[in-house]
Amino acid sequence: MRRILVTGATGQIGSELVPALRKKYGGDNVIAAGHKRKPQQDFIQQGPYTTLDITKIDSLERVLQEYQVDTIFHLSALLSAVAEKNPQAAWEVNMGGLYNVLEISRKNSCAVFFPSSIGAFGPNTPRNNTPQDTIQRPNTMYGVCKVSGELLCNYYFTHFGVDTRGVRYPGLISYKTPPGGGTTDYAVDIFHHAIQEKEYASFLDQGTYLDMMYMPDAIRAAIELMEADQHQLKHRNAFNITAMSFAPEELAAQIKKYIPGFSISYQVDPVRQAIADSWPRHMDDSAARNEWGWKPAYNLEDMTKDMIERLSQKIDETL
Ligand code: SER
């Protein structure tokens, strides 16, 4: 990895991946590409920033030529709940965008990181210790795009030799940039409400267990996988990775340790609840552990403590 393009750079993952990559590979070598969301100041100050419409291959071609890119972290996507509201747009951005990235990478010999998700699984998938290789058959547009994306990345590797790699991320928890329109977002929203209002109405019900991960682990996973010796990789494109699995009431109990007056109630959103009920409770990530040494650093306790400290500080600074 010498010249890296990050699409979706102003999103939840991108806004933290870009600084991490710039620290490791040099500011000028990491091109942040966003679309609608306005970039933070440091994106412009610490390295190149460009706008990119991922659905237009010419737009991508222009950026690749201008910056001589050899690796793409392709993060642009609509999340699950938004994708259910507008499935046509989700197909265009999530699948059309990936197709463009793979085609351009085939022609320009770029390596590609593609984030798949717990959303690539469906109601027939075993929900406990979900195996690496199992029934997927998702029933959301987000999931259809993710599972198709996994297969398309495999195809571009086996047929064209494109160095495609990827993970199935669980719900990601972070304080820097809020996620937009996901099913696992309650686990981020809850911290904002707990700190500011001491109460939260969860849109997922009690007992809804889902895999989750703190953002520093998610960033490290992406970089470690792209740096791994490719001869060790048998799965390449869709490694299950997880760090913790919890239900809303368990997260609330952890938060209460730091904010004793905090209370949680439940106002279940049937659409997002149905999506969550079709996803794994806990994935088996042993393939990632064995093939490239994946190991999370943050469990529920560590993540909660760090989130509360850092988000409280961030909120204080903006007041
Ligand atoms: N966090 C995503 C969502 O909820 C799943 O990958 O849409």
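The values are calculated or read from the model by the stated rules, or taken from the named source; none is laboratory data. Just so you know, these numbers come straight off a predicted model, no measurement behind them. For neighbour counting, all protein chains shown are included, and Cβ atoms are generated from backbone atoms with ideal geometry for every residue, glycine included. Areas reflect the complete protein model, heavy atoms only, side chains present, ligands, DNA and RNA absent. Shrake-Rupley method; radii C 1.70, N 1.55, O 1.52, S 1.80 Å.
Out of (1) more than 24 Å from residue 151 (Cβ to Cβ); (2) open to solvent by less than 50 Å² (accessible area, probe 1.4 Å); (3) within 16 Å of the ligand (Cβ to nearest atom); (4) not β-branched (Val, Ile, Thr), the odd one out for residue 67 is which?
Evaluating residue 67 over (1) more than 24 Å from residue 151 (Cβ to Cβ); (2) open to solvent by less than 50 Å² (accessible area, probe 1.4 Å); (3) within 16 Å of the ligand (Cβ to nearest atom); (4) not β-branched (Val, Ile, Thr) leaves (3) as the failure.
Hey, can you tell me all the residues within the stretch 131-147 that are open to solvent by 30 Å² or more (accessible area, probe 1.4 Å) and either part of a loop (DSSP other than H, G, I, E, B) or among the small types (Gly, Ala, Ser) (or both)?
Once the filter is applied, which keeps residues that are open to solvent by 30 Å² or more (accessible area, probe 1.4 Å) and either part of a loop (DSSP other than H, G, I, E, B) or among the small types (Gly, Ala, Ser) (or both), the stretch 131-147 yields 131, 133, 134, 135, 136, 137, 139.
Kindly indicate whether any position in the stretch 51-60 is assigned to a helix (DSSP H, G or I), surrounded by fewer than 19 Cβ atoms within 10 Å (Cβ to Cβ) and in contact with a Phe, Trp or Tyr (Cβ under 9 Å, 6 or more places away or on another chain).
Step one: list which residues in the stretch 51-60 are assigned to a helix (DSSP H, G or I), which gives 57-60.
Now narrow it down to the ones that are surrounded by fewer than 19 Cβ atoms within 10 Å (Cβ to Cβ): 57-59.
Right, trim to in contact with a Phe, Trp or Tyr (Cβ under 9 Å, 6 or more places away or on another chain) and you get 57.
Yes: one or more hits.
Which count do you get for residues in the stretch 246-265 that are assigned to a strand (DSSP E or B) and loosely packed, with under 15 Cβ neighbours inside 10 Å? Write out each step before concluding.
We begin by selecting, within the stretch 246-265, every residue assigned to a strand (DSSP E or B); these are 246, 263-265.
Pick out the ones that are also loosely packed, with under 15 Cβ neighbours inside 10 Å and you get 263, 265.
The number of residues fulfilling the criteria is 2.
So for the stretch 69-83 (the condition being farther than 23 Å from residue 169 by Cα and outside any helix (DSSP H, G or I)), does at least one residue qualify? First the steps, then the outcome.
First, the residues of the stretch 69-83 that are farther than 23 Å from residue 169 by Cα: 69-70.
Then keep just the ones that are outside any helix (DSSP H, G or I); that gives 69-70.
Yes, the stretch 69-83 contains a residue that is farther than 23 Å from residue 169 by Cα and outside any helix (DSSP H, G or I).
In the stretch 279-306, how many are open to solvent by 70 Å² or more (accessible area, probe 1.4 Å) and part of a helix (DSSP H, G or I)? Working first, answer last.
Within the stretch 279-306, the subset open to solvent by 70 Å² or more (accessible area, probe 1.4 Å) is 281, 289-290, 295, 301, 305.
Remaining after also requiring part of a helix (DSSP H, G or I): 289-290, 301, 305.
Residues meeting the conditions: 4.
Return the total of residues in the stretch 149-184 being without any contact (Cβ under 8 Å) to a residue 12 or more places away in the chain and either part of a loop (DSSP other than H, G, I, E, B) or within 16 Å of the ligand (Cβ to nearest atom) (or both).
Restricting attention to the stretch 149-184, the residues satisfying the condition of being without any contact (Cβ under 8 Å) to a residue 12 or more places away in the chain are 151, 155, 158-159, 161.
Cutting the leftovers down to either part of a loop (DSSP other than H, G, I, E, B) or within 16 Å of the ligand (Cβ to nearest atom) (or both) gives us 161.
Of the residues in the stretch 149-184, 1 are without any contact (Cβ under 8 Å) to a residue 12 or more places away in the chain and either part of a loop (DSSP other than H, G, I, E, B) or within 16 Å of the ligand (Cβ to nearest atom) (or both).
Go through (1) modelled with pLDDT of 95 or more; (2) not in a helix (DSSP H, G or I) one by one and return the number of the condition residue 1 breaks.
With (1) modelled with pLDDT of 95 or more; (2) not in a helix (DSSP H, G or I) applied to residue 1, the lone miss is (1).
Can you pull out every residue in the stretch 85-104 that is open to solvent by 50 Å² or more (accessible area, probe 1.4 Å) and either touching a helix residue (DSSP H, G or I) at 6+ places or on another chain (Cβ under 6 Å) or more than 16 Å from the ligand (Cβ to nearest atom) (or both)? Before the answer, list the steps.
Taking the stretch 85-104 as the starting set, the residues that turn out to be open to solvent by 50 Å² or more (accessible area, probe 1.4 Å) are 85-86, 88, 91-92, 99.
Across the stretch 85-104, the qualifying residues are 88, 92, 99.
Of everything in the stretch 108-123, what is farther than 16 Å from residue 210 by Cα and either in a loop (DSSP other than H, G, I, E, B) or of a type outside the set (Phe, Trp, Tyr) (or both)? Give them in sequence order. Can you show your working first?
Narrowing the stretch 108-123 to residues farther than 16 Å from residue 210 by Cα: 108-115.
Residues satisfying the conditions are 108, 109, 110, 111, 112, 115.
Out of all the residues in the stretch 191-202, which are farther than 13 Å from residue 312 by Cα and either open to solvent by less than 20 Å² (accessible area, probe 1.4 Å) or near the ligand (Cβ under 10 Å from one of its atoms) (or both)? Give the steps one after another, and end with the answer.
As a first pass, look at the stretch 191-202 and keep what is farther than 13 Å from residue 312 by Cα: 199-202.
Result: 200, 202.
Which ones in the stretch 30-63 are touching a strand residue (DSSP E or B) at 6+ places or on another chain (Cβ under 7 Å), within 22 Å of residue 107 (Cβ to Cβ) and not polar (S, T, N, Q)?
Once the filter is applied, which keeps residues that are touching a strand residue (DSSP E or B) at 6+ places or on another chain (Cβ under 7 Å), within 22 Å of residue 107 (Cβ to Cβ) and not polar (S, T, N, Q), the stretch 30-63 yields 30, 31, 33, 48, 52, 54, 63.
Which one of these does residue 6 not meet: (1) part of a helix (DSSP H, G or I); (2) touching a residue at least 40 places away in the same chain (Cβ under 8 Å)?
So residue 6 meets the others, but not (1).
What tally of residues in the stretch 219-245 results from selecting those that are surrounded by 23 or more Cβ atoms within 10 Å (Cβ to Cβ) and closer than 22 Å to residue 136 by Cα?
8
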